[in-house]
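Participant: Starting off with a structure, shown below.
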Amino acid sequence: MFFPRLRNQAKWAFVFLIFVFGGGFIFLGVGSGGLDIGQLVRDAFGNQGGSGTSVSAAQKEVQQRPFSPVARRQLADALEKHGRIDEAIVSWTEYVRLRPQDVAALRHLGQLELGQADRFFREAQLASLAQSDAGIGSAFVPSQSGKLGQAIGQDPIAQALSTKAGAQLQQASIKYQTAATRAVGTYKALVRLQPTDQQALFSLAQAADTLRQTTVAIDAYKRLLKFKLDPSTAAQIRERIKTLQQTAQAAGG
């Protein structure tokens, strides 16, 4: 598929393909098709469920030792195992602030943030669809500029649904942008820790590409070309850079 030799070097690189196809807006431009992204990630890295520290016990430990990396990580693990991913991301973020050199934790945090961004993106898609559906009936209503249209007025139900969907769309869009920015920031931190690591740079490129941060993606892909890559992989990266540059120019135009 895309950049095979780069992906095969490390198991966690496969996760980016999960979000690429799950998000549905990169390379192929297809929908998620009902993929359970959370399950795919767990399958790629091994299901980490099972018994362990309870959330309440971990929270109590953090209250007693707020600057303890161990306590923060235990809370992050407990929250994640109980499916409280948004809270787990916050705890993982606090952990990496205390242990900024922990490469594995940064990778894991980035993966969780990618999943969160994908979820908010799909919520925005659904809200946008709901808003469009609410406005379908307006095509069968007389123009408001005419006497009949003024007499009938707007459909209050359709208007209320459209307003609600619009608010949901705005909220989900803001959440998506925030999560996307945080995810890319996490992978930038990973690259700063490992500036000569090919996989770290590939992770940043794919994350930025998936999350539509075109400038960051182009820069990361160009930096990848400085590594000794096989001709096929290098050709695919050059083609992707070209496509992203064309997209950026079209958007700018």
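Participant: Taking region 188-211 on its own, how many of its residues are part of a loop (DSSP other than H, G, I, E, B) and not charged (D, E, K, R)? It would help to see each step written out before you state the result.
Facilitator: We begin by selecting, within region 188-211, every residue part of a loop (DSSP other than H, G, I, E, B); these are 194-197, 211.
Cutting the leftovers down to not charged (D, E, K, R) gives us 194-196, 211.
Residues meeting the conditions: 4.
Participant: I'm checking my understanding of the structure. Among residues of region 88-115 that are in a helix (DSSP H, G or I) and among the acidic types (Asp, Glu), which one is surrounded by the most Cβ atoms within 10 Å (Cβ to Cβ)? If you could, list the steps in order and put the result at the bottom.
Facilitator: Quick first cut of region 88-115, residues in a helix (DSSP H, G or I) only: 88-98, 103-115.
So of that shortlist, the ones also among the acidic types (Asp, Glu) come out as 94, 113.
Numbers: 94: 19, 113: 26.
Across region 88-115, the extreme among qualifying residues is 113.
Participant: Could you list, in sequence order, the residues of region 224-253 that are among the aliphatic types (A, V, I, L, M) and either in a loop (DSSP other than H, G, I, E, B) or under 24 Å from the mean Cα position of the chain (by Cα) (or both)? Explain how you work it out, then say what you get.
Facilitator: The first filter runs over region 224-253 and keeps only residues among the aliphatic types (A, V, I, L, M), leaving 224-225, 229, 234-235, 237, 241, 244, 248, 250-251.
Result: 224, 225, 229, 237, 241, 244, 248, 250, 251.
Okay, residues lined up against (1) at pLDDT below 50; (2) among the hydroxyl-bearing types (Ser, Thr, Tyr); (3) in contact with a helix residue (DSSP H, G or I) (Cβ under 7 Å, 6 or more places away or on another chain); (4) over 30 Å from residue 218 (Cα atoms):
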{"site": "22", "(1), (2), (3), (4)": "yes, no, yes, no"}
{"site": "26", "(1), (2), (3), (4)": "yes, no, yes, no"}
{"site": "49", "(1), (2), (3), (4)": "yes, no, yes, yes"}
{"site": "62", "(1), (2), (3), (4)": "no, no, yes, yes"}
{"site": "72", "(1), (2), (3), (4)": "no, no, yes, yes"}
{"site": "75", "(1), (2), (3), (4)": "no, no, yes, yes"}
{"site": "106", "(1), (2), (3), (4)": "no, no, yes, no"}
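Participant: Could you give me the residue pairs with C-beta distances under 7 Å whose first residue belongs to region 212-223 and is part of a helix (DSSP H, G or I), whose second residue is surrounded by fewer than 16 Cβ atoms within 10 Å (Cβ to Cβ) and not aliphatic (A, V, I, L, M) wherever it lies, and which are 6+ apart or on separate chains?
Facilitator: What qualifies is 214/247; 218/245.
Participant: Just one of the numbered conditions (1) touching a residue at least 40 places away in the same chain (Cβ under 8 Å); (2) closer than 22 Å to residue 119 by Cβ is not true of residue 177; which one?
Facilitator: Just one mismatch for residue 177, condition (1).
Participant: Filter region 77-87 down to residues that are farther than 25 Å from residue 173 by Cβ and in a helix (DSSP H, G or I), then give me how many there are.
Facilitator: Applying the first criterion (farther than 25 Å from residue 173 by Cβ) to region 77-87 yields 77-82.
Next, from what is left, pick out any that are in a helix (DSSP H, G or I): 77-81.
Qualifying residue count, region 77-87: 5.
Participant: Is it fair to say residue 182 is part of a helix (DSSP H, G or I), surrounded by fewer than 16 Cβ atoms within 10 Å (Cβ to Cβ) and charged (D, E, K, R)?
Facilitator: On the way: part of a helix (DSSP H, G or I): yes; surrounded by fewer than 16 Cβ atoms within 10 Å (Cβ to Cβ): no; charged (D, E, K, R): yes.
Answer is no for this residue.
Participant: Which ones in region 179-195 are in contact with a Phe, Trp or Tyr (Cβ under 9 Å, 6 or more places away or on another chain) and over 17 Å from residue 218 (Cα atoms)?
Facilitator: 179
Participant: Can you work out which of the residues in region 207-239 that are closer than 24 Å to residue 106 by Cβ and charged (D, E, K, R) is surrounded by the most Cβ atoms within 10 Å (Cβ to Cβ)?
Facilitator: It comes out as 209.
Participant: Let me ask you something else. Within region 162-170, identify whether any single residue is touching a helix residue (DSSP H, G or I) at 6+ places or on another chain (Cβ under 6 Å) and either under 26 Å from residue 89 (Cβ atoms) or touching a residue at least 40 places away in the same chain (Cβ under 8 Å) (or both), and answer yes or no. It would help to see each step written out before you state the result.
Facilitator: So the first thing to find is which residues in region 162-170 are touching a helix residue (DSSP H, G or I) at 6+ places or on another chain (Cβ under 6 Å), and the list is 162, 165-166, 168-169.
Retained after the next criterion (residues that are either under 26 Å from residue 89 (Cβ atoms) or touching a residue at least 40 places away in the same chain (Cβ under 8 Å) (or both)): 168-169.
Scanning region 162-170 turns up at least one residue that is touching a helix residue (DSSP H, G or I) at 6+ places or on another chain (Cβ under 6 Å) and either under 26 Å from residue 89 (Cβ atoms) or touching a residue at least 40 places away in the same chain (Cβ under 8 Å) (or both).
Participant: Moving on. Has region 118-126 got any residue that is under 20 Å from residue 194 (Cα atoms), touching a helix residue (DSSP H, G or I) at 6+ places or on another chain (Cβ under 7 Å) and assigned to a helix (DSSP H, G or I)?
Facilitator: Residues of region 118-126 that are under 20 Å from residue 194 (Cα atoms), as a first pass: none.
No, region 118-126 has no match at all.
The values are calculated or read from the model by the stated rules, or taken from the named source; none is laboratory data. Remember, predicted model here, so these are calculated numbers, not experimental data. Glycine gets a Cβ as well: all are built from the backbone with ideal geometry, and neighbour counts include every protein chain shown.
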